[in-house]
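Written below as structure tokens is the structure these notes are about.
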């Protein structure tokens with residue numbers, strides 16, 4: 001079991017560029033999440049998904065898009081990158097709605113200059 | 001609203017010292033409380049949890065007790081090791097009754113550095 005994997009580990013973008021952060025889990029979890037972690041701050045939820053084909057906004061969705069075509073994959077799309085999107089991005093998953101423990105990927109460190 | 005407040009770091013200790021990291025919360029209803037740990041270069045991992053008042057969560061020598069009267073969930077360890085150096089996050093979970101998911105609300109994190 002690889003758990004939750006994320007690619008890439010690091011990325012530098014220029015302002016206005018776009019990219020997709022990949023997230024895959026092999027635990028057959030229904031619920032998946034994208035967070036961003038800014039220095040000195042807790043994690044903020046960007047988007048989440050309760051199953052294939054179903055996504056919804058979290059606390060800070062502006063500037064991002066997601067899709068969930070399979071149970072395993074939950075990519076996060078950044079359109080028109082801005083310096084404010086410089087952050088560490090974490091993907092996480094849980095088995096179902098009643099599960100308390102979220103399983104996290106190792107993160108993607110993104111810098112927008 | 002719901003929120004979590006942790007003591008600011010970094011916390012620097014010598015090996016075998018006693019550790020306390022304070023965490024207080026504000027929540028409506030009856031949240032579950034968690035401590036997550038983030039080792040360098042890794043994602044967050046659940047360290048321990050408590051789902052109701054007076055419960056004590058414990059794991060790897062760490063403990064925390066859910067205190068409803070003081071709205072606190074302080075993390076303690078009697079004797080820290082260098083390998084405990086990490087960032088520790090306190091979090092609470094609030095169930096969304098309208099469906100969706102059990103939302104996790106995180107504190108800002110406290111960095112712990114343990115020196116030999």
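Just so it is clear, none of the values below were taken in a lab; they were calculated from the coordinates. These numbers come from a predicted model, not from an experiment. When we count neighbours, we look across all protein chains shown, and the Cβ atoms used for this are built from the backbone with ideal geometry, even at glycine.
In terms of other Cβ atoms within 10 Å, A:80, B:47, A:43 run from fewest to most in the order A:80, B:47, A:43. Distance distribution P(r), the protein assembly as shown, all Cα-Cα pairs, bin width 5 angstrom from 0: 1, 7, 14, 18, 18, 16, 13, 8, 4, 1, 0 percent. Note on residue A:77/residue B:22: beta-carbon distance plugged into 1/(1 + (r/R0)^6) with R0 of 35 Å gives a FRET efficiency of 0.35. What the Cα atoms of the range B:32-91 give is an Rg and a Dmax of 11.6, 37 Å. Between the range B:48-93 and the range A:16-48, the C-alpha centres lie 25 angstrom from each other. Here is the size of chain B from its Cα atoms: Rg then Dmax, 14.1, 50 Å. Ordering of A:32-38, B:52-58, A:17-23 by packing is A:32-38, A:17-23, B:52-58, highest average first (other Cβ atoms within 10 Å, averaged per residue).
If the elastic network links every pair of Cα atoms under 10 Å, which of B:89, B:73, B:62 fluctuates the most in the Gaussian network model of chain B? Result for chain B, Cα springs under 10 Å: B:62 fluctuates most. Going by neighbour counts of Cβ atoms within 10 Å, the residues B:70, A:71, A:111 line up, fewest first, as B:70, A:111, A:71. Both the radius of gyration and Dmax for the range A:31-91 are 11.4, 34 Å, in that order, over alpha-carbon atoms. In units of the rule-of-thumb radius 2.2 N^0.38 Å, chain A shows an alpha carbon radius of gyration of 0.99. Shielding value for B:40-46 is 6, the average number of Cβ atoms from other chains within 10 Å of each residue's Cβ. Neighbour counts of other Cβ atoms within 10 Å put B:74, A:29 in the fewest-to-most order B:74, A:29.
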